[in-house]
Amino acid sequence: MDPYPHAGPASDAARQQAIAAAAARAESAGISLAWFLYADHGGIIRGKSASAATLPARMETGIGHTVAMMAMSMLDHLQPVAGMGPVGEVRIMPDPATFVPLPYAPGAAAMLADLVHPDGQPWDACARTYLKQAIAELASQGYAATAAFEPEFTLGRREASPDSGPDRLAPNDDSLCYSATGFHLAHDYTADLLQGLQAQGMVVEHYYPELGHGQQEVSIRHAPALRAADNHVLFRETVRGTAFRRGMWASLAPKPIADQAGNGAHLHISLTDLGNGGQPAFYDPGDRYQLSQTGYHFIGGLLAHLPALTALTCGSVNSYRRLAPQMWSSAYTIYGMDNREAAIRICSPMRDDPAASVNLEIKPSDSSANPYLALGAAIQAGLDGIRRKLDPGEAVNVDPATLSDAGRLAVGAHRLPASLAEALDALATDDLLLASLGNLRRRAYLAVKRSEVAAFAGTDASYECFEHFTKF
């Protein structure tokens with residue numbers, strides 16, 4: 001049985017059934033604490049927990065929480081955001097359908113949570129609600145989104161720096177990309193990790209050692225959009241929690257080690273047509289890339305909003321150490337067929353099911369982002385392209401860094417933001433994404449992120465990497 005059968009009960013009756021089922025599972029599994037988890041504007045996974053004795057009641061009422069926490073940066077610096085000060089209360093309201101015992105934390109379970117007003121109504125700064133709203137808006141246009149994050153992380157140990165600087169992450173190995181040596185050296189940890197992910201209902205598609213020292217990649221099978229984001233939260237915590245229990249350290253930070261390959265979390269998206277029996281909306285067997293006009297329009301929307309979107313998909317100062325030309329992470333506003341230097345890649349379909357396997361990969365994306373905001377904003381950008389029938393131009397199937405300046409200009413290859421500050425400036429002028437975020441959420445997000453830019457200004461790489469590898 002899938003231990004995470006669905007997310008988001010559609011009615012009060014369904015919610016009551018999910019609460020009863022979660023309470024029964026907690027009792028049978030001997031759960032002492034249930035974590036109510038959410039992602040904040042700094043990209044940090046936070047939460048509170050309920051004891052076994054109070055769990056049934058707290059699944060009904062949620063746990064009280066100050067509104068100020070959504071104005072907290074990744075450094076725990078509280079920002080002055082109107083509506084997020086010392087006065088005001090929300091509830092961390094768990095989604096009981098997401099209940100999973102945590103294999104890496106015996107006696108504990110987790111649920112993904114929304115932030116709601118005390119009367120149960122959605123709060124305007126809740127990130128999970130933002131994704132739900134994007135999903136609903138997409139449905140109003142006749143589509144549903146399927147998504148998957150493709151995360152990398154660095155496995156190693158936290159150790160003191162020999163020069164008395166901040167602690168550093170010492171990688172688990174110095175093996176080569178995809179090498180069998182890398183499989184051997186990380187095997188025991190990886191076996192624990194895969195068992196833990198599968199026990200939480202995630203389907204592991206692939207695993208392999210990546211390019212960087214100690215770098216690993218695990219791909220989780222695609223799922224409906226909300227569950228895909230929920231999966232990524234659980235994935236992040238399982239990667240780290242499994243390492244901690246083995247006396248190790250794992251980091252999903254974009255650049256935990258400055259001179260090693262960066263960790264992405266490429267975002268894969270496809271649409272189904274709700275008005276056509278749920279058929280894949282991105283597939284056209286007659287197209288040279290087997291992509292439909294809907295797919296091209298979705299790309300057009302992504303490209304139109306990509307500089308601003310990057311502020312949400314690459315949400316940390318550290319992200320921009322990774323986003324550079326010829327780093328296979330994308331640096332220019334182009335799309336291409338299986339072009340791993342393109343910001344948007346059309347993924348070639350699998351022969352066993354070409355229609356369902358056509359999808360788009362957003363490469364400027366990493367795990368320092370809030371996954372609900374990142375995926376929700378990507379849906380909003382792509383939907384704008386569908387509504388306006390935006391033409392993305394011709395696919396670029398070469399590395400744009402090899403073109404001259406004139407050549408890049410001719411194919412519309414503009415440099416992506418080179419810093420979080422530049423990305424935030426782009427977001428601040430993108431009317432569509434700002435409107436989708438809403439007044440409170442956009443003010444809080446911009447304030448939190450601009451504070452992080454200021455906090456790291458003038459600091460060196462060792463400090464920046466330390467603060468990020470210990471947080472993500």
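The values are calculated or read from the model by the stated rules, or taken from the named source; none is laboratory data. What you are looking at is a predicted structure, and each value in this text was computed from that prediction instead of being measured. Ideal geometry is used to build each Cβ from the backbone, glycine not excepted, and the neighbour counts take in all protein chains shown. The accessibility values were calculated without ligands, DNA or RNA, using every heavy atom of the protein model including side chains. Shrake-Rupley method; radii C 1.70, N 1.55, O 1.52, S 1.80 Å.
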(message) Every residue in the stretch 391-413 that is touching a residue at least 24 places away in the same chain (Cβ under 8 Å) and more than 17 Å from Asp287 (Cβ to Cβ), please.
(response) Val398, Asp399, Pro400, Ala401, Arg408, Val411, Gly412, Ala413
(request) Could you check Leu360 against (1) out of contact with any Leu (no Cβ under 6 Å at 6 or more places or on another chain); (2) farther than 19 Å from Leu416 by Cβ and say which number it fails? (result) (2)
(message) Take residues that are at pLDDT 95 or above and buried (at least 17 other Cβ atoms within 10 Å of the Cβ) and tell me which of the strands (runs of 3 or more DSSP E) falling wholly in the stretch 155-236 contain 3 or more.
(response) 168-171, 215-220
(request) Could you please find all residues in the stretch 182-210 being more than 20 Å from Leu37 (Cα to Cα), of a type in the set (A, V, I, L, M, F, W, C) and under 21 Å from the mean Cα position of the chain (by Cα)? (result) Leu194, Val203, Val204
(request) Identify all residues within the stretch 137-154 that are outside any strand (DSSP E or B), within 18 Å of Gly376 (Cβ to Cβ) and not aliphatic (A, V, I, L, M); write none if there are none. (result) Glu137, Ser140, Gln141
(message) Suppose we filter Met93, Met72 for residues that are modelled with pLDDT of 95 or more, of a type in the set (A, V, I, L, M, F, W, C) and closer than 19 Å to Asp12 by Cβ; which single one remains?
(response) Met93
(message) Please go through (1) in contact with a strand residue (DSSP E or B) (Cβ under 9 Å, 6 or more places away or on another chain); (2) of a type in the set (Ser, Thr, Tyr); (3) buried (at least 21 other Cβ atoms within 10 Å of the Cβ) for Thr61 and return the number of the only condition it doesn't satisfy.
(response) (3)
(request) Under 8 Å between Cβ atoms, at least 6 apart or on separate chains: pull out the pairs that start in the stretch 360-372 with a residue that is closer than 20 Å to Phe282 by Cβ and end on any residue that is among the basic types (Lys, Arg) and open to solvent by 10 Å² or more (accessible area, probe 1.4 Å). (result) Leu360/Arg345; Glu361/Arg345; Lys363/Arg340; Lys363/Arg345
(request) Can you work out which of the residues in the stretch 251-292 that are without any contact (Cβ under 8 Å) to a residue 40 or more places away in the chain and either surrounded by 24 or more Cβ atoms within 10 Å (Cβ to Cβ) or not small (Gly, Ala, Ser) (or both) is nearest to Asp366 (Cα to Cα)? (result) Asp259
(request) Only residues that are open to solvent by 10 Å² or more (accessible area, probe 1.4 Å), touching a Phe, Trp or Tyr at 6+ places or on another chain (Cβ under 8 Å) and under 19 Å from Ala97 (Cα atoms): list them for the stretch 117-152, please. (result) Thr129
(message) If I filter the stretch 77-95 down to residues being within 13 Å of Ser451 (Cβ to Cβ) and not hydrophobic (A, V, I, L, M, F, W, C), which single residue comes out as farthest from the chain's Cα centre (by Cα)?
(response) Pro80
(message) Condition check: touching a residue at least 24 places away in the same chain (Cβ under 8 Å), within 22 Å of Ser365 (Cβ to Cβ) and open to solvent by less than 40 Å² (accessible area, probe 1.4 Å). Does Leu437 satisfy that?
(response) yes
(message) Filter the stretch 405-431 down to the residues that are open to solvent by 70 Å² or more (accessible area, probe 1.4 Å), touching a helix residue (DSSP H, G or I) at 6+ places or on another chain (Cβ under 9 Å) and not charged (D, E, K, R) and list them by number.
(response) His414, Thr429
(request) Kindly indicate the residue of the stretch 381-400 that is among the aliphatic types (A, V, I, L, M) and open to solvent by 30 Å² or more (accessible area, probe 1.4 Å) and also modelled with the highest pLDDT among those meeting that condition. (result) Leu390
(message) If Val81 satisfies all but one of (1) within 27 Å of Phe235 (Cα to Cα); (2) open to solvent by less than 50 Å² (accessible area, probe 1.4 Å); (3) of a type in the set (Val, Ile, Thr), what's the number of the condition it fails?
(response) (1)
(message) The conditions are (1) over 30 Å from Asp259 (Cβ atoms); (2) within 22 Å of the chain's Cα centre (by Cα), and Met74 fails exactly one of them. Which is it?
(response) (1)
(request) Identify all residues within the stretch 310-331 that are of a type in the set (Ser, Thr, Tyr) and modelled with pLDDT of 95 or more; write none if there are none. (result) Thr310, Thr313, Ser316, Ser319, Tyr320
